[in-house]
1. What residue, of Ala87, Ala45, is under 30 Å from Gly167 (Cα atoms) and at pLDDT 65 or above?
2. Please tell me if Ala182 is on the phi < 0 side of the Ramachandran plot and without any contact (Cβ under 8 Å) to a residue 12 or more places away in the chain.
3. Does Asp60 satisfy the condition of being within 24 Å of Thr130 (Cβ to Cβ), touching a helix residue (DSSP H, G or I) at 6+ places or on another chain (Cβ under 9 Å), modelled with pLDDT of 75 or more and buried (at least 21 other Cβ atoms within 10 Å of the Cβ)?
4. Can you name the condition, by its number, that Leu290 falls short on among (1) over 20 Å from the mean Cα position of the chain (by Cα); (2) surrounded by fewer than 22 Cβ atoms within 10 Å (Cβ to Cβ); (3) closer than 14 Å to Val25 by Cβ?
5. Out of everything in the range 130-158 that is of a type in the set (Gly, Ala, Ser) and surrounded by fewer than 23 Cβ atoms within 10 Å (Cβ to Cβ), what residue ends up being nearest to Gly64 (Cα to Cα)?
6. Counting only residues that are part of a loop (DSSP other than H, G, I, E, B) and among the hydroxyl-bearing types (Ser, Thr, Tyr), which one in the range 161-219 is nearest to Ala109 (Cα to Cα)?
7. Can you pull out the residues in the range 201-248 that are free of Cβ contacts under 8 Å to residues at least 12 places away in the same chain and surrounded by 23 or more Cβ atoms within 10 Å (Cβ to Cβ)?
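The values are calculated or read from the model by the stated rules, or taken from the named source; none is laboratory data. The model shown is predicted, which means the values in this text are computed figures rather than measured ones. For neighbour counting, all protein chains shown are included, and Cβ atoms are generated from backbone atoms with ideal geometry for every residue, glycine included.
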Amino acid sequence: MATAAHWIAGARVRTLPAAVAPVVVGTAVAVYDDHGVWWKALLAAVVSLALQIGVNYANDYSDGIRGTDDARVGPLRLVGSGLATPAAVKRAAFLSFGVAGVAGLVLAATTSWWLVLVGALSVLAAWYYTGGSKPYGYLGLGEVMVFVFFGLVAVVGTTWVQTESWGTPGWASVAAGVGVGALACAILVANNLRDIPTDRVAGKMTLAVRLGDRRTRGFYALLVALSGVAVVVLAVLTTWWALLGLGFLVPAVAAARVVLGGAQGPALIPVLQRTGIAELVWAVLAGVGLVLG
């Protein structure tokens with residue numbers, strides 16, 4: 001039970017902020033445009049959460065069978081620890097993708113069928129991050145996937161299924177997508193920074209491995225700064241109330257100090273939690289500002 005709880009706690013750091021934040025702020029943009037549709041927002045949340053859970057299981061399965069997690073420093077993995085069989089974790093991944101697919105089909109049927117293509121690309125990106133014969137996560141492209149699919153696509157998609165228009169809400173959702181996407185990337189960067197020694201040995205050439213320790217720390221700080229700029233751009237496009245989103249700097253700056261202070265290994269695990277909190281705070285406070293505006 002203790003090991004299972006450990007795995008769940010570790011997965012929650014990656015799952016909840018990245019799943020909830022895009023839907024919260026994407027819906028807030030739609031509400032600002034007087035086009036909020038709550039049942040569509042709930043369906044978007046189901047899609048986002050199911051995809052995130054699926055990614056976690058898929059990564060656990062693929063890294064586990066490759067042996068990448070044999071000397072893992074961070075939160076426990078199910079396959080790598082032997083807590084669950086690879087087949088069971090793989091089934092859980094595809095079940096999660098199936099839930100996301102069903103919810104996505106309902107959204108597509110009530111808006112536009114081209115969303116089916118977006119959903120299919122999202123599932124493929126989730127699986128081939130560490131799955132397949134040539135996973136792109138092992139080539140240093142994981143941050144690109146996170147920024148695009150759990151930032152831009154998630155936020156813009158949430159807004160669009162409710163407004164079904166571009167204009168101001170479209171560009172505002174892009175700014176919001178950049179903000180939460182950069183922080184979602186920062187979570188991955190901190191995770192990969194911690195794992196540089198073991199990933200290098202395992203042949204997992206993440207962006208952190210390619211950049212090296214010092215430049216990866218600078219990249220983390222750059223992502224936090226980009227999130228701050230995105231709040232300002234969102235406020236310019238909508239309402240100055242959106243500047244409430246700058247409250248994310250409280251947990252984000254605390255995390256950045258740890259990263260820039262040279263923390264190594266397990267000392268970086270709290271950074272994942274603080275960055276996840278920063279992402280959620282960004283979305284909630286900016287969203288509140290949009291609703292007030």
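1. Only one candidate qualifies: Ala45.
2. no
3. Yes: the conditions hold for Asp60.
4. (2)
5. So the residue we want is Gly131.
6. Ser165
7. If the condition is that a residue be free of Cβ contacts under 8 Å to residues at least 12 places away in the same chain and surrounded by 23 or more Cβ atoms within 10 Å (Cβ to Cβ), then no residue fits.
Residues are listed down the side, and each one gets a yes or a no for (1) in a helix (DSSP H, G or I); (2) within 14 Å of Leu183 (Cα to Cα):
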residue: Phe248; (1), (2): yes, yes
residue: Ala255; (1), (2): yes, yes
residue: Ala263; (1), (2): no, no
residue: Pro270; (1), (2): yes, no
residue: Thr275; (1), (2): yes, yes
residue: Ala278; (1), (2): yes, yes
residue: Val281; (1), (2): yes, yes
residue: Leu285; (1), (2): yes, no
residue: Val288; (1), (2): yes, no
